[in-house]
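Here the structure is laid out as structure tokens; the discussion comes afterwards.
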Amino acid sequence: MKVGFVSKDTEMIKVFKTKINKMLPLDSLFYTTFHSIRTICTETLLNGNFVALFIDTDTKEDIISFVKKCNENCCALKIIFFGSDIENVYKYYEVDHLAFLNKNDYEPYIDHVIVKIIQHMQDFEKKYILVHWKNLVYVLENKDVLYVERDKRRTLVHTIYGDVYTTYQHLDEFIDNLGKTFLRVHFSYIVNTQFVREYYRNHLVLADDVFIPVSRKYGKTIHDYFSDEDEDDYQE
């Protein structure tokens, strides 16, 4: 995961990094600094796995238009404004953001903001999966995933909208992050049980008549899972 900063105020950036590292010591957390929003496109934030972006409002740029695009295209990204122009702070409430920090009086509030970021990261891991392909990272909501399929050396993530995302990530990486509604039913398949229409001893039928094989190894798991919901629906 990444946290970004749009600012030339190196002292404030240092303060934020120190606080985050102290409260969230993760080796997998990275930082990127941008000197201007003109150097950023929403695809960079989306594909770069950013979860939070601190924006210095003293940069005198068209921040509102930029953040509106972020709100529309980067659902997992949280914006934190910081600046000294308190008189005009009201205009930043036109867009969705996590907090506004006053550069002249941020100390009492910074810890609370960092806690919010940590909570967001934890929620992010529960609600989204990251699909890596070459130099791109696709952020998908768990609820939109229909099933995940292993095809030789590649993994295919199928969504309810008919989109298919290709990656070299293994199925084990996904089953740990997809949540309780997903089940491993075969060496090569993980399914979203919310979309199982029919279930049998050796296969499942998902929405849109998608046929998914069930291996003997996972047969009891499937039986037990659906028996808890409705024993009468299990079919031989």
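The values are calculated or read from the model by the stated rules, or taken from the named source; none is laboratory data. Just so it is clear, the model here is predicted, and its values are computed rather than measured. Every residue, glycine as well, gets a Cβ built from its backbone with ideal geometry; the counts of neighbours run over all protein chains shown.
Filtering region 35-63 to residues that are modelled with pLDDT of 85 or more, farther than 14 Å from F5 by Cα and surrounded by 13 or more Cβ atoms within 10 Å (Cβ to Cβ) leaves only E61. Exactly one residue out of Y200, Y161, Y147, Y189 is in contact with a His (Cβ under 8 Å, 6 or more places away or on another chain) and assigned by TED's automatic domain parsing to the domain that holds G219, and it is Y147. Applying the condition of being part of a helix (DSSP H, G or I) and more than 15 Å from D56 (Cβ to Cβ) to region 1-34 and asking which residue is modelled with the highest pLDDT yields T18. Kindly indicate whether any position in region 116-131 is on the phi > 0 side of the Ramachandran plot and either of a type outside the set (G, A, S) or assigned to a strand (DSSP E or B) (or both). No, every residue in region 116-131 fails to be on the phi > 0 side of the Ramachandran plot and either of a type outside the set (G, A, S) or assigned to a strand (DSSP E or B) (or both). State all residues of region 133-152 that are in contact (Cβ under 8 Å) with a residue 60 or more places away in the chain and not in a strand (DSSP E or B); if no residue qualifies, say none. Selection gives N135 alone.
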